Amino acid sequence: MTTCNTESKERTNPFFEPYNTPHDTVPFDRIRLEDFEEAFMEGIRRDNEQIEKTINNPQPPTFDNTIIDKSETRKGYYDLLDRVSTVFYNMMSAETSDEMNALAQKIQPILTKHANDVSLNPKLFERVKAVHRHHRRLTAEEKKLLDNCYDGFVRSGALLDDEGKDRLRRMTEEASMLSLKFSQNLLKENKGFTLHITDDAELDGLPDTAREAAAQTAREKGMEGWLFTLDHPSYAPFMTYSTRRELRQRLYMAKNQVCIHDNEENNLDICKRIINLRREMAQLLGFKSYADYVLKHRMAGNTRNVYNLLNKLIEAYRPSAIEEVKEIETLAQKTEGRKFRMQPWDFSFYSHKLQMERYNIDSEMLRPYFELSKVTEGVFGLANKLYGITFKENKDIPVYHPDVKAYEVFDEDGSYLAVFYADFHPRAGKQAGAWMTSFKGQCYDREGNNVRPHVSVVMNLSKPTADKPALLTLGEVETFLHEFGHSLHGIFANTRFESLSGTNVLWDFVELPSQFMENYAVEKEFLRTFAFHYRTGEPLPDELIDRIVKSRNFMAGYNCLRQVSFGLLDMAYYTRKNEFTEDIIPYEKKAWKKAMVLRQLPDTCMTVQFSHIMAGGYAAGYYSYKWAEVLDADAFSVFRQHGIFDRETARSFRENILSKGGTEHPMTIYKRFRGGEPTIDALLERNGIKKVTK
């Protein structure tokens, strides 16, 4: 029990009791900061109590009294540690504060120690090992859970001697804290920079939407003029449209020098230590490198296959990328004079000019037709056309910020399917980027009830202004579709065990549902369902749609190599077999050099803000985006063949891929949908690299 300072009566920590909210959703309106630490500590105590019960069970180890008791105890409000951890770490990304950051620093080592206590518990592992060797006849899903459980112990050091276990404990605890510090530094640096403009002459070239948004940001800070930030909706338009080259340079350098300044938020040494710790942990567990450790449980299987994909893409796309950059440089010199030397902060500006010259289309032309509420209706409508599901806002469901909307999702037969949260806009306590997450995973409880998921998409889309609603770019529509694809993977989950449901799949398969949905962004049939001018109600003109389609592959070569460069950088760090002692900045330039077609600056750095591979789950796995892109292009070709809204094809995609989670190997379920293995051909054809075969 906790006592409220402003109330005379005691209150119960919301995590300690049933939520008593619609669909057992998180009671954000009742949770206080002090509730987290108390719930964490009590959750650890209950977890330890359950583990003691399992290892002291006098009955011989079985799948039911060991694996399910150990892995799948969460089937109600009593699994406290899962409940509080889920809420806390989601808030750390979406709505953090200095107080939460301080609590995270305090609680993170305690949680890491607890995780190690579980995975390195010899008595618990003995029971798991016994079941792994001798068990009753299991279903395919039960066998998958058992294999994952046993392998999880082994990969966490269960087979090490005592000295090795102690060493692994120390390294995992240090790595956990460093990843947390990395994220906190990045958030502080990103939110700490602003470009304050008071002379409207310095806004030259900027569209009204960018000016209005900057003016509103300034007003929110109690300042005059216009305020630009490193948040994408502010940064990207400035780099694309501003004619003030010196200001573009200032903003670009601020963005690309984040976390390399001589201050407390410098991430250079943190990155170096994370890289070395992961290598040491992998080698302690018997692997040559961290990449070898990771790829053992990926579709790619090994580093050779990863590099094979990346090198194929470089070979296929590099000629186009080089030509694209040359065309932009030619245009820049035609505009500025032959002696003009294009710099990275010029690239977006002149590539936009080339796009306008070639296709007469840009983001600002389309914004009036992509009003956020209509885009939301369009995305929900797409899900309805494909799968028959519907979304209904429920304002009785508590949310963690006024920007967030909560929806109930209903299946085609009207039955309840899931809760869907949408968090659209940037704010001070929110990390950059976009992601999908869950507040509750799908599973079947012990009584046989199908516990439905609560999923959330968190983005940083353009905000509404004083006189305009939120108007999106086409890129932001694609981002929405991407994260919505992840959410459908969670919404349609239909497996027995939570740890195998939804997005709990091999990491280089998880991007298939998300990238698949992006295909619809330039489909005329889809755009016609929602793209109406926010003032006049006029539909997006056919000739503009045609220009969108024609310009789809503008800069396809460059954009592909950009993603490949990140994959190369990731692999360069995590395929290392020896200690990393080099300076990160020059090492980075060398690592991705063969995928680079733009001039690199010596005093900028990506690594220190590369959250995916330093604080996320993509270390030795960033190639997954391109791996899954091969899959998504191949999968969408099936829809093209039968119709992009074809219900039977969508039913197969839902049943064979979206609902299966990690219950089977991804290639097995993909082939069940596709009828064979994917090839790179569909991707090359989609990007215009290879001519479409008839």
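The values are calculated or read from the model by the stated rules, or taken from the named source; none is laboratory data. Since we're looking at a predicted model, the values are computed, not measured. With ideal geometry, Cβ positions are generated from the backbone for all residues, glycine too; neighbour counts draw on all protein chains shown. In case anyone asks, the SASA skips ligands and DNA or RNA and just uses the protein heavy atoms, side chains included. Shrake-Rupley method; radii C 1.70, N 1.55, O 1.52, S 1.80 Å.
Say we look at segment 180-211 and pick out the residues that are among the polar types (S, T, N, Q) and open to solvent by 50 Å² or more (accessible area, probe 1.4 Å); which of these is farthest from S363 (Cα to Cα)?
The extreme case among them is T198.
Tell me, which residue of segment 127-148 that is more than 25 Å from the chain's Cα centre (by Cα) and open to solvent by less than 30 Å² (accessible area, probe 1.4 Å) is nearest to K53 (Cα to Cα)?
R127
Matching residues to (1) of a type in the set (K, R); (2) buried (at least 20 other Cβ atoms within 10 Å of the Cβ); (3) touching a residue at least 24 places away in the same chain (Cβ under 8 Å):
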site: F228; (1), (2), (3): no, yes, yes
site: S242; (1), (2), (3): no, yes, yes
site: Q249; (1), (2), (3): no, no, yes
site: A254; (1), (2), (3): no, no, yes
site: I260; (1), (2), (3): no, yes, yes
site: N267; (1), (2), (3): no, yes, yes
site: R273; (1), (2), (3): yes, no, yes
site: N276; (1), (2), (3): no, no, yes
site: F287; (1), (2), (3): no, no, no
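Restricting attention to segment 294-310, report how many residues are open to solvent by 40 Å² or more (accessible area, probe 1.4 Å) and either within 25 Å of S183 (Cβ to Cβ) or of a type in the set (A, V, I, L, M) (or both).
Summing the residues that are open to solvent by 40 Å² or more (accessible area, probe 1.4 Å) and either within 25 Å of S183 (Cβ to Cβ) or of a type in the set (A, V, I, L, M) (or both) in segment 294-310 gives 2.
Is it true that some residue in segment 27-40 is at pLDDT 95 or above, under 30 Å from D162 (Cα atoms) and open to solvent by 30 Å² or more (accessible area, probe 1.4 Å)? So that I can check it myself, show each step before the final result.
We begin by selecting, within segment 27-40, every residue at pLDDT 95 or above; these are 27-40.
Imposing the further condition that a residue be under 30 Å from D162 (Cα atoms) reduces the set to 40.
If we keep only those that are open to solvent by 30 Å² or more (accessible area, probe 1.4 Å) as well, we get none.
Checked against the condition, which is being at pLDDT 95 or above, under 30 Å from D162 (Cα atoms) and open to solvent by 30 Å² or more (accessible area, probe 1.4 Å), segment 27-40 yields no hits at all.
Mind checking whether some residue in segment 315-323 is at pLDDT 95 or above, in a helix (DSSP H, G or I), open to solvent by less than 40 Å² (accessible area, probe 1.4 Å) and β-branched (V, I, T)?
Looking for residues that are at pLDDT 95 or above, in a helix (DSSP H, G or I), open to solvent by less than 40 Å² (accessible area, probe 1.4 Å) and β-branched (V, I, T), one finds none in segment 315-323, hence no.
Taking P678, is it at pLDDT below 95 and either assigned to a helix (DSSP H, G or I) or out of contact with any helix residue (DSSP H, G or I) (no Cβ under 6 Å at 6 or more places or on another chain) (or both)?
no
Test Y623 against the criterion of being in contact with a helix residue (DSSP H, G or I) (Cβ under 7 Å, 6 or more places away or on another chain) and farther than 25 Å from K255 by Cβ, and give yes or no.
Considered against the rule, which asks whether it is in contact with a helix residue (DSSP H, G or I) (Cβ under 7 Å, 6 or more places away or on another chain) and farther than 25 Å from K255 by Cβ, Y623 comes out as no.
Which fully enclosed strands (runs of 3 or more DSSP E) of segment 376-432 have 2 or more residues being open to solvent by 20 Å² or more (accessible area, probe 1.4 Å) and charged (D, E, K, R)? Full working, then the answer.
Numbers: elements: 390-393, 405-410, 416-423.
Result: 390-393, 405-410.
When the residues of segment 41-60 are narrowed to those that are open to solvent by 80 Å² or more (accessible area, probe 1.4 Å) and among the polar types (S, T, N, Q), which ends up farthest from the chain's Cα centre (by Cα)?
By that ranking, first place goes to Q59.
Look through segment 155-168, keep the residues that are closer than 21 Å to K129 by Cβ and in contact (Cβ under 8 Å) with a residue 12 or more places away in the chain, and return whichever of them is surrounded by the most Cβ atoms within 10 Å (Cβ to Cβ).
Once the filter is applied, the top-ranked residue is G157.
Quick one: which residue in R672, R640 is farther than 19 Å from M299 by Cβ, basic (K, R) and either open to solvent by 10 Å² or more (accessible area, probe 1.4 Å) or not in a helix (DSSP H, G or I) (or both)? Reasoning before the result, please.
On the way: R672 fails: farther than 19 Å from M299 by Cβ.
So the residue among R672, R640 that is farther than 19 Å from M299 by Cβ, basic (K, R) and either open to solvent by 10 Å² or more (accessible area, probe 1.4 Å) or not in a helix (DSSP H, G or I) (or both) is R640.
Taking segment 327-355, which residues are aliphatic (A, V, I, L, M) and either open to solvent by 20 Å² or more (accessible area, probe 1.4 Å) or not in a helix (DSSP H, G or I) (or both)? If you could, list the steps in order and put the result at the bottom.
Step one: filter segment 327-355 for residues aliphatic (A, V, I, L, M), giving 328, 331-332, 342, 354.
Within segment 327-355, just M342 meets the criteria.
Based on what the data block shows, is I67 at pLDDT 95 or above, over 30 Å from Y407 (Cβ atoms) and in a helix (DSSP H, G or I)?
no
Output the residues belonging to segment 448-461 that are open to solvent by 10 Å² or more (accessible area, probe 1.4 Å) and touching a Pro at 6+ places or on another chain (Cβ under 8 Å).
The one that is open to solvent by 10 Å² or more (accessible area, probe 1.4 Å) and touching a Pro at 6+ places or on another chain (Cβ under 8 Å): N460.
Of all residues in segment 567-590, which are closer than 28 Å to A556 by Cβ and surrounded by 19 or more Cβ atoms within 10 Å (Cβ to Cβ)?
G567, L568, L569, D570, M571, Y573, Y574, E588
Residue check: is V128 of a type outside the set (F, W, Y) and touching a Cys at 6+ places or on another chain (Cβ under 7 Å)?
Taking the combined requirement at face value, the residue satisfies it.
Looking at (1) buried (at least 22 other Cβ atoms within 10 Å of the Cβ); (2) closer than 30 Å to F287 by Cβ; (3) among the charged types (D, E, K, R), which is the only condition E664 fails?
Exception for E664: condition (1).
I'd like to check something: does segment 295-313 contain any residue that is of a type outside the set (S, T, Y), under 30 Å from D166 (Cα atoms), touching a residue at least 12 places away in the same chain (Cβ under 8 Å) and in a loop (DSSP other than H, G, I, E, B)?
yes
Under 6 Å by Cβ, and 6 or more places apart or on different chains, what pairs join a residue from segment 342-354 that is over 17 Å from E323 (Cα atoms) with one that is open to solvent by 20 Å² or more (accessible area, probe 1.4 Å)?
W345/Q249; W345/Y252
Residues that are in contact with a Ser or Thr (Cβ under 8 Å, 6 or more places away or on another chain), of a type outside the set (V, I, T), open to solvent by 10 Å² or more (accessible area, probe 1.4 Å) and under 29 Å from M253 (Cα atoms): does segment 435-443 have at least one?
Checked segment 435-443: at least one residue is in contact with a Ser or Thr (Cβ under 8 Å, 6 or more places away or on another chain), of a type outside the set (V, I, T), open to solvent by 10 Å² or more (accessible area, probe 1.4 Å) and under 29 Å from M253 (Cα atoms).
Being at pLDDT below 95, of a type in the set (D, E, K, R) and over 20 Å from D117 (Cα atoms): is that true of E189 here?
In short, no.
Considering each of M171, M177, M223 in turn, give the residue that is open to solvent by 30 Å² or more (accessible area, probe 1.4 Å), over 20 Å from the mean Cα position of the chain (by Cα) and more than 22 Å from A466 (Cα to Cα).
M177 is the lone residue from the list that is open to solvent by 30 Å² or more (accessible area, probe 1.4 Å), over 20 Å from the mean Cα position of the chain (by Cα) and more than 22 Å from A466 (Cα to Cα).
Only residues that are of a type outside the set (S, T, N, Q) and either out of contact with any helix residue (DSSP H, G or I) (no Cβ under 8 Å at 6 or more places or on another chain) or surrounded by fewer than 19 Cβ atoms within 10 Å (Cβ to Cβ) (or both): list them for segment 548-560, please.
V549, K550, R552, F554, A556
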